[in-house]
Structure formats: structure tokens, C-alpha cells
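The values are calculated or read from the model by the stated rules, or taken from the named source; none is laboratory data. These numbers were taken from a predicted model, which means no experiment stands behind them. Using ideal geometry, Cβ is built from the backbone for each residue, glycine included, and neighbour counts are taken over all protein chains shown. Heads up: the accessible areas ignore ligands, DNA and RNA and are worked out on the full protein's heavy atoms, side chains in. Shrake-Rupley method; radii C 1.70, N 1.55, O 1.52, S 1.80 Å.
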Amino acid sequence: MKRIAVLTSGGDSSGMNAALRAVVRSALSSGLEVVGINKGYKGIIDRNYAMMNTRSVSNILQRGGTFLQSARCKEMMEEPGQNLAAENLKGMGVEGLVVIGGDGSLRGALSLHRRGIKVIGIPASIDNDIPYTSMSLGVDTALNNIVYAIDCLKDTASSHDRAFIVEIMGRNCGYLTLVAAIACGAEHALIPETPFDISRICENLRKRYREGRDNSIILVAEGVATAQEISNRIKDCIGFESRIMVLGHYQRGGSPSSFDRLLGSRFGQGAVQALVEGESGKMIGLSASKMKLTDLEKVLTGKIRPIDKSMVELSKSLDI
């Protein structure tokens, strides 16, 4: 193998640049040439790429997002586009590819593997819903962003008789919502994985109010409902005002945490090593603090990563 390529695809997450830096530098150290694909799979279709060197990835470790950028690519959802992408990679002289992204990005990686391109995927998704890795790239930074925002919100909440309902990203996975609720001391966390009773929540809030605790924080995963919907359901039941906050894409950005910088670096180096050793069609993940390869087909046909039951029990014991 003489030349590999790397791309970031799907939603951005902090730590992607750390992974890109590690891929480029590890590959160069192994005597490989590295092609950086701009704007994800669209860059393969459009042949939008550049050769990378150590200077290409200087001063990016601390930056959020992805310097190679990302974009939607409808062509990669259909067989003709997948065939064209494989042909274009071969035309670039690319013998191996590292794909950094979430579920959809890994599906694209699997399609290229089936067309003769050696591919290793790196899981990057703030939702932490990708199975066969205990943590995806960007989750820790997003969690820290959420906790910081809610800490700030609690300062103003303490000045008013109000319930604040905060909407958290995560699609159908409640990991960020649950763990953030534990970390910031929220009163309730509404997640897709466990049932909840609005009437019981309202009764708990009224009880707190009678006890003199006149403000509350409720976190709701976007896969359950919007913050506005929950606010509408409780506003006439709790005896005091409610306000909403939608964190949105704020959660994705910002300088990556130390954990995500280290994780991205380990993922990047491990992905290059796997390609050099002849591996393909696999995702590198974190398992018991070690790097582990799993077949992409197994990753993509499995269920989303389940919520840790011990975290649910912890939240219950803290009366969240």
C-alpha cells in the first residue's frame, strides 16, 4: 500500500480534527502518501481533494469541527454513485480509506469496501448511539458543553420561580440527556429508552415547590419530544412558570476536550495501522480502554448502542 485517503462525513463533532491529524501523521510515519478528501463523500464524487503533509494538519488539534468539512451526498445513497466513488478513488491511486463519521458515513464505507476499496471507519457521533464502541468521537465534548450551559442556566433559574425545560440532541438515543442530568443535578431526564409519567413529574415539581425549592431543570431528549411540547404539557399543572432552552448545534462545537483529543488520536493511529496490516470493512472502537476492530456489517446491522442500565439506576437513586 502506497497511498491512503481520509474524509469526514455526516454531522461534525469535536475531535474529528484530532483524528485527521493522527491519520495523516501516522500514515506519513509509515511511508504512505495521504490524500485529504474535502466535503466528505461529495469530495470523492467531485474529485475535490489535496495531498496532505505534516503542515496540512498543524494547529488543528484544538479546533472543533472538521477542517476537511462535511456535506450531504445523495449519490452515495445509490449504486451508481457508489460505483463512481470507488472508480474515482482508484483513479486517484488510493488503496485505502479512513472514514470518520456516524451511521450513514459508515454505511458509505461499507459500500466502498464491497467495491474493492480497503476501508476502516472511525465512529464520530455526539449521540453515542453507535454499537461496538463504548464511546464515539465528540460525545465527551458535547456533554461538557451541555453541562456548562445548564450550570449557567441554574444561576438564573435560582433567581425565579420557574421550571426550565432543556432540549438535548441525541435522536433516538438518550445518553447525552441522561448523563448530563446526573452531572448537572437536573430534577428529571426524559429519554426514549425508559417510560415517564408527566403527571408524576408534575406532582414531584409541586412537592418541591411546597418544600421551598422553587426552580427545577428538566432535560428532554429530542427523540422523546420538543422542549416546547413538554412545557405545554406541564405549564398548567405545576403552579409556576416554565421556560424552554434548545441547545441545538451549540452542543457540537467548541474546542475538543482532552478525552476527545486523545480518543481521536488513538482512533486515527489505529485506523492507519489496521489498513497497513491489510484489514478492511471494519470499524475501530473503544472497548475496555483498548482499540478493537469490528466488522462494519455487524456494526450496521446491530441495534443502536443501549443505555448503560447502571446509569439509569444511578439517576433513579438520585431522584432524577
Can you tell me which condition VAL272 does not meet? The list is (1) crowded, with 20+ Cβ neighbours inside 10 Å; (2) in contact with an Asp or Glu (Cβ under 8 Å, 6 or more places away or on another chain), and all the others hold.
(2)
What are the pairs, 6+ residues apart or on separate chains, where a residue within segment 276-288 that is over 9 Å from VAL119 (Cβ atoms) and assigned to a loop (DSSP other than H, G, I, E, B) has its Cβ under 8 Å from a residue that is open to solvent by less than 40 Å² (accessible area, probe 1.4 Å) and hydrophobic (A, V, I, L, M, F, W, C)?
GLU279/ILE120
When you scan segment 85-111, how many residues do you find that are surrounded by 16 or more Cβ atoms within 10 Å (Cβ to Cβ) and over 20 Å from ALA27 (Cα atoms)?
12
Would it be correct to say that ALA27 is open to solvent by less than 10 Å² (accessible area, probe 1.4 Å), of a type in the set (Gly, Ala, Ser) and either touching a residue at least 60 places away in the same chain (Cβ under 8 Å) or not in a helix (DSSP H, G or I) (or both)?
yes
Pairs where the first residue, in segment 11-23, is part of a loop (DSSP other than H, G, I, E, B) and the second is among the hydrophobic types (A, V, I, L, M, F, W, C) and open to solvent by less than 10 Å² (accessible area, probe 1.4 Å), C-beta under 6 Å, 6+ apart
SER13/ALA124; SER13/ILE126; SER13/LEU137; GLY15/LEU137
Taking segment 295-320 and keeping residues farther than 25 Å from ALA180 by Cβ, charged (D, E, K, R) and part of a helix (DSSP H, G or I) leaves GLU297, LYS298
Could you tell me whether LYS292 is assigned to a strand (DSSP E or B) and open to solvent by 80 Å² or more (accessible area, probe 1.4 Å)?
yes
Answer from GLY96, GLY11, GLY108, GLY81 - the residue that is at pLDDT below 95 and closer than 23 Å to GLU297 by Cβ
GLY11
